[in-house]
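A.B. asks: Right, I'll just put the structure down here and ask away after.
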Amino acid sequence: MLQGYAAEMDNPLMAHLISPELQNKKDILFGNMEEIYHFHNRIFLRELETYVEYPELVGRCFLDQMEDFQIYEKYCQNKPRSESLWRQFSDSVFFQECQRKLDHKLSLDSYLLKPVQRITKYQLLLKEMLKYSKNCEGAEDLQEALTSILGILKAVNDSMHQIAITGYDGNLNELGKLLMQGSFNVWTDHKKGHTKVKDLARFKPMQRHLFLHEKAVLFCKKREENGEGYEKAPSYSYKHSLNMAAVGITENVKGDAKKFEIWYNAREEVYIIQAPTPEVKATWVNEIRKVLT
C-alpha cells in the first residue's frame, strides 16, 4: 500500500496522472497508515516472535504495547474523510495504473479498510487464546490484554460518533475524555416552564443521543445519512449540554427499571432518561457517579 500507492503519489513520473484536486491529499487518503506499518514492522511483530515457543504468555506482549495501539483510533477517525476523498477519485487513471502495476484484484479502498478490520480481530484472537489457557501461566495477562483491547475498541467506536457531532460551538476536546455515548428516550421537566409544555413533555419522549464527557453531558439529535459505507454513519446535531459540576443524579425512577434522572441546578431542570435496557442504565449511572464523586 505504502510503496505501490502512497509513494507513487510523490513519484514525478506519475504526476501527470494525478488530478490537481488530488495532489497533496496523501495524508487524508492514507491517514497514519505508515505509522501503523512501522509499529507492526519494527516493534509488535518482533515482540510477538519472541513468544513463538510460549504462546500462552503472549498477553504480556499486548500489555507492553497497549499505548501504541491507540494509533488505530487516529486512523479510524480519519476514515470518513479518506472514504469521501476516495469516492470522488475512485475512477482516477492514477489509481487504475497503480492497481495494474501491483496486479491487485481489489481496488485501493479494500486495503484502506484493513487497519479497521485488524484492530477488531485482535479481541477475537485473544478470546480464542483465553479459551485454551484457562489455568496456565499467562492467563491473567491474556484476560487483561483482552479487556484493554476492548477498551481501545470502545474508544475508537465512541470517537467515531463524537466526530459526527455538528453545531457545537466550543471545542469538544475541552470537555475532557469522552466516557460514554448512546441513544435514549428523554423527558424534560423544567421548573420555569409553561405548565402546558410541562404536561406535554411528560408524555412524549424525545429521542436523544447522549455524550458523557468528564466535564459535561451533551444532548444531541441523531440524523441518519443516506449513502454507502461510512456515509451511512449518522450525524448528531447538538441541542444543549449540562456542566457536570452542577449535575445531580437520581438512580431510580418509580415504575421503570430502565429510567434514571439527571437534574441540574438543584432540580431547576430535570431530565428523565430511559435506557434501552437495565444493564445500559446501570453502566451509565456508574460512570456518572464516578464523574460526580
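A.B. asks: Tell me, what ³J(HN,Hα) does each residue in the stretch 139-152 have, in order and in whole Hz, if you take phi through Karplus 6.51 cos²θ - 1.76 cosθ + 1.60 with θ = phi - 60° and put x for Gly and Pro?
C.D. replies: 4, 5, 5, 4, 5, 5, 5, 4, 4, 5, 5, 5, x, 5
A.B. asks: Sticking with this one: Taking just the alpha-carbon atoms of the chain, what radius of gyration and Dmax come out, in angstrom?
C.D. replies: In order Rg, Dmax, the Cα atoms of the chain give 23.7, 72 Å.
A.B. asks: Then there is this: Leaving out ligands, DNA and RNA, what percent of the accessible area of the chain is carbon and sulfur, probe 1.4 Å?
C.D. replies: So the carbon and sulfur contribution to the accessible surface is 51 percent.
A.B. asks: A further question follows. Within the set 114/134; 154/258; 215/239; 204/239, which residue pairs have Cα atoms separated by over 19 Å?
C.D. replies: With Cα atoms farther than 19 Å apart: 114/134; 154/258.
A.B. asks: Residue 286 to residue 99: FRET efficiency via 1/(1 + (r/R0)^6), r the Cβ-Cβ distance, R0 45 Å, to the nearest 0.05?
C.D. replies: 0.35
A.B. asks: So how exposed is residue 147, as accessible area in Å² (1.4 Å probe, rounded to 10)?
C.D. replies: The value for residue 147 is about 80 Å².
A.B. asks: Which stretch or stretches of the stretch 170-184 have amide N atoms under 19 Å from the point lying 7 Å from residue 150's Cα along the Cα→Cβ direction?
C.D. replies: Answer for the stretch 170-184: 179-182.
A.B. asks: Return the distance in nm (one decimal) between the two label points of a simple spin-label model at residue 174 and residue 249, each offset 7 Å from Cα along Cα→Cβ.
C.D. replies: Placing both labels 7 Å beyond Cα along the Cβ direction yields 2.5 nm.
A.B. asks: Once you list every other residue whose beta carbon is under 11 Å from the beta carbon of residue 259, what net charge do they have if Lys and Arg are +1 and Asp and Glu are -1?
C.D. replies: Surrounding charge for residue 259 is 0.
A.B. asks: Over the Cα atoms of the stretch 1-92, what Rg and Dmax result, in angstrom?
C.D. replies: Final numbers for Rg and Dmax: 17.2, 52 Å.
A.B. asks: Please report the spacing between the Cα centers of the stretch 69-83 and the stretch 243-292 in Å, no decimals.
C.D. replies: With the stretch 69-83 and the stretch 243-292 each reduced to a Cα centre, they are spaced 32 Å.
A.B. asks: Next question, about the same structure. Give me the 1.4 Å probe accessible area per residue for the chain, excluding ligands and nucleic acids, in Å².
C.D. replies: 58
A.B. asks: A further question on this structure: Once you charge only the Cβ atoms, +1 for Lys and Arg and -1 for Asp and Glu, what is the size of the charge dipole of the chain about its Cα centre, to the nearest 20 debye?
C.D. replies: Value, rounded to 20: 1540 debye.
A.B. asks: Given R₀ = 45 Å, FRET efficiency for residue 207-residue 87 by Cβ-Cβ distance, to 0.05?
C.D. replies: For R0 = 45 Å, the calculated efficiency reads 0.95.
The values are calculated or read from the model by the stated rules, or taken from the named source; none is laboratory data. Keep in mind that what you see is a predicted model, and the values were worked out from it rather than measured. Note: ideal-geometry Cβ built from the backbone for every residue, glycine included; neighbour counts use all protein chains shown. Calculation scope for accessible area: heavy atoms of the full protein, side chains included, ligands and nucleic acids excluded. Shrake-Rupley method; radii C 1.70, N 1.55, O 1.52, S 1.80 Å.
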